[in-house]
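S.K.: The structure under discussion is supplied below as structure tokens; questions concerning it will follow.
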Amino acid sequence: MESTESVNQNSTQVDTRRHDLDALRAFAMLLGIVLHGAMSFIPGGGLLWGVQDAHADPLYGVLLASIHGWRMPLFFLVSGFFTAMLWQKRGLRALLMHRFKRIFLPLLLSMVTVIPTMWIVSDYLRSQGSAAAPASSDTEFSDAEPSSSQSESSNFDVFAAVATDDQAALKVYLDQGGDVLAKDPYGSTPLHVACLFGRAEAAELLLDADADLEMLNNDGKRPEDLLQLDWNTTFFIARMVQLPLDQEQVRAGREEIARAIDEKTGRAVKTALEAGNQTADGPTLFASMFKFPVFFHLWFLWFLCWYVGGFALIVKFVRALHVPAIPDRWLLSRLRYLWLIPSAAAAQYFMATTQYDYGPDTSFGLLPLPAVFAYYAIFFGYGAVYFGASDAKVAVGRGFGGKLAIAILILFPVGLGLQGPDSVGGRILFAVMQTSYAWVMSFGVIGLFHRFCQAPRFWVRYLSDSSYWLYLVHIPLLMVFQFLVRDWPVPSFVKFSLVCTATTALLLLSYQFGVRDTWVGLLLNGRRYPKLSAQPTGETGVAEDVTNVLQE
């Protein structure tokens, strides 16, 4: 953190609204709709997300990784920048009050409105059954018709059927030649899922269909290894996928699966569910505060509350000890990569441990996961000290075309190809490639938006103001649209585009007619808008507008 004197020397930055970063913040917010819109189109994603499209394609997983790898790191970088700006303009007390009103209160209200609505919608959609369920098992398929049967089976979400104990649909899937060795994004087979959740009948169907007991998932676990997973972890996974579980039923199911494996192979299999199942004991309760999903897609607001509090403490520390400023060359030149990449890679090393993980983990719990918290703190901290640097020409974004090309064409595909390393050296390289992608991509889009979005534009400002509302409430509506189109016999890209566009359009209408000029709009954006009218081109409105810039 730089000294107060350094920030004061560059305080003229406060008098110029950063329209480019305003637009970039809105873009990052709206990309969240695209990212979540892809979830139902990822093979096996329905178990986690709640909706599985009948025309899933692995390319949507690549799209998700390409966005997730840099979107939130950039978002926290911009947040740190504007946090420092608001502090310099109004002081610590005003900064803390502003963040309390614009971040903590919306988070609190969303926890009793948006999150419950998301649970209700998700549970209802799950109750409607799996997408593209196979036809009746009584149907005869001739040798001339294998492609139709295989197509229906491949579109069926076998993992959701096993997890929800839909035995009838699973039997039809297997009778039609469904792939008993299919893998979800975490490398688990349907038998892994059956063992995890104690689905004995489903496990017997899979064993009868010659499911491989030696198949390893991305964590190196065989299906029977999951019979020994403790209750807290099992419950956490079930809660993540919104699957209701009863501990005694899981225990009995696992014991029955163990007996079935014993009968099939003659190998005694151990089961365990006691470890960690006393939720009242101190260590387990403490661990659950990190793991139990509380905030879901609003976790970043909770992180911002922590970061702003930490920022205030660091400012006090810097002022008291007269800590010298970080030289501009370590913030603006290529030298910045020498400390930014290794520091972020050190945190990234402890995340993304399974094959299909890419980018930073997400921390939904009441207590932030340490590695995730440290990772985003580095981006937030850089944004804060970057505000005090002399970078009127945005040197960090210079050559943005080359930066974007390197990030998209080299760093991302190479990093994606390094997924799931076993060795320490491989994991270090994997972490370095991921964080390099995040930093280079972030600086590239900063340069891109500085080049094309410097001038104030009404529609950009409007999207910036509305993006906070759109991101807060988009998931329930998005899931409904995903559910409505999941079985449409049209290309997945058409459905994906329609889902994202329809969700955005309807939420923009809701913002304009139900939020913008109400107390909700005042809470989110800091001022009322009695009518939709563009501001004069030369008006910056900094005194009131600076509070509007950081609506994360």
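S.K.: Return the residues of segment 49-58 that are over 17 Å from Ile33 (Cα atoms) and either among the hydrophobic types (A, V, I, L, M, F, W, C) or part of a helix (DSSP H, G or I) (or both); say none if nothing qualifies.
M.R.: Those that are over 17 Å from Ile33 (Cα atoms) and either among the hydrophobic types (A, V, I, L, M, F, W, C) or part of a helix (DSSP H, G or I) (or both): Ala54, Ala56.
S.K.: Residue by residue through segment 175-205, note down the ones that are out of contact with any Ser or Thr (no Cβ under 8 Å at 6 or more places or on another chain) and among the hydrophobic types (A, V, I, L, M, F, W, C).
M.R.: Within segment 175-205, Leu191, Val193, Ala194, Cys195, Ala200, Ala202, Ala203, Leu205 meet the criteria.
S.K.: Let me ask another. Take the residues in segment 519-539 that are over 14 Å from Leu472 (Cβ atoms) and at pLDDT 90 or above, then tell me which one is nearest to the chain's Cα centre (by Cα).
M.R.: The selected residue is Leu522.
S.K.: Quick check on this structure: which one of Arg267, Arg239 is in contact with a Pro (Cβ under 8 Å, 6 or more places away or on another chain) and at pLDDT below 85?
M.R.: Arg239
S.K.: Where in segment 93-159 are the helices (runs of 4 or more DSSP H), entirely inside, with at least 1 residues that are farther than 21 Å from Gln482 by Cβ and modelled with pLDDT under 85?
M.R.: Ranges flagged: 146-155.
S.K.: All but one of (1) under 21 Å from the mean Cα position of the chain (by Cα); (2) more than 21 Å from Gly69 (Cα to Cα) hold for Tyr437; which doesn't?
M.R.: (2)
S.K.: Out of the helices (runs of 4 or more DSSP H) lying entirely within segment 387-498, which hold 3 or more residues that are in contact (Cβ under 8 Å) with a residue 24 or more places away in the chain and more than 30 Å from Ala84 (Cα to Cα)?
M.R.: The qualifying helices (runs of 4 or more DSSP H) are 412-417, 424-452, 458-485.
S.K.: If the requirement is being buried (at least 18 other Cβ atoms within 10 Å of the Cβ) and among the basic types (Lys, Arg), which of these qualifies: Arg486, Arg451?
M.R.: Arg486
S.K.: Here is a further query. Before we move on, is Phe364 surrounded by 19 or more Cβ atoms within 10 Å (Cβ to Cβ) and over 14 Å from Ala438 (Cα atoms)?
M.R.: So Phe364 fits the description; yes.
S.K.: Within segment 224-235, how many residues are within 25 Å of Tyr358 (Cβ to Cβ) and crowded, with 18+ Cβ neighbours inside 10 Å?
M.R.: Within segment 224-235, residues that are within 25 Å of Tyr358 (Cβ to Cβ) and crowded, with 18+ Cβ neighbours inside 10 Å number 2.
S.K.: Return a yes/no flag: does segment 368-381 have any residue that is of a type in the set (Ser, Thr, Tyr), at negative phi and not in a loop (DSSP other than H, G, I, E, B).
M.R.: Yes: one or more hits.
S.K.: A further question follows. Just checking, which of Asp208, Asp230, Asp157, Asp225 is of a type in the set (D, E, K, R) and over 30 Å from Phe296 (Cα atoms)?
M.R.: Details: Asp230 fails: over 30 Å from Phe296 (Cα atoms); Asp157 fails: over 30 Å from Phe296 (Cα atoms); Asp225 fails: over 30 Å from Phe296 (Cα atoms).
Criteria check complete, one pass: Asp208.
S.K.: Among residues belonging to segment 183-202 that are touching a helix residue (DSSP H, G or I) at 6+ places or on another chain (Cβ under 7 Å) and at pLDDT below 85, point out the one that is surrounded by the most Cβ atoms within 10 Å (Cβ to Cβ).
M.R.: Ranking the candidates gives Asp184 first.
S.K.: Within segment 387-435, restricting attention to residues that are at pLDDT below 95 and hydroxyl-bearing (Ser, Thr, Tyr), which residue is surrounded by the most Cβ atoms within 10 Å (Cβ to Cβ)?
M.R.: Ranking the candidates gives Ser390 first.
S.K.: With respect to Ala56, determine if the residue is over 17 Å from the mean Cα position of the chain (by Cα) and either touching a residue at least 60 places away in the same chain (Cβ under 8 Å) or under 15 Å from Ser492 (Cβ atoms) (or both).
M.R.: So Ala56 passes the test.
S.K.: Being within 21 Å of Asp123 (Cβ to Cβ) and part of a loop (DSSP other than H, G, I, E, B) is the filter here, so list the residues in segment 160-183 that pass it.
M.R.: Passing the criteria: Thr164, Asp165, Asp166.
S.K.: Among the residues of segment 32-52, write down those that are modelled with pLDDT of 90 or more, crowded, with 21+ Cβ neighbours inside 10 Å and touching a Lys or Arg at 6+ places or on another chain (Cβ under 8 Å).
M.R.: Residues of segment 32-52 that are modelled with pLDDT of 90 or more, as a first pass: 32-41.
From what's left, crowded, with 21+ Cβ neighbours inside 10 Å: 32-33, 36-41.
Hits for segment 32-52 are Gly32, Ser40, Phe41.
The values are calculated or read from the model by the stated rules, or taken from the named source; none is laboratory data. Quick caveat: nothing in here was measured; it's all calculated off a predicted structure. Neighbour counts are summed over all protein chains in view; Cβ atoms, including those assigned to glycine, are modelled from backbone coordinates with ideal geometry.
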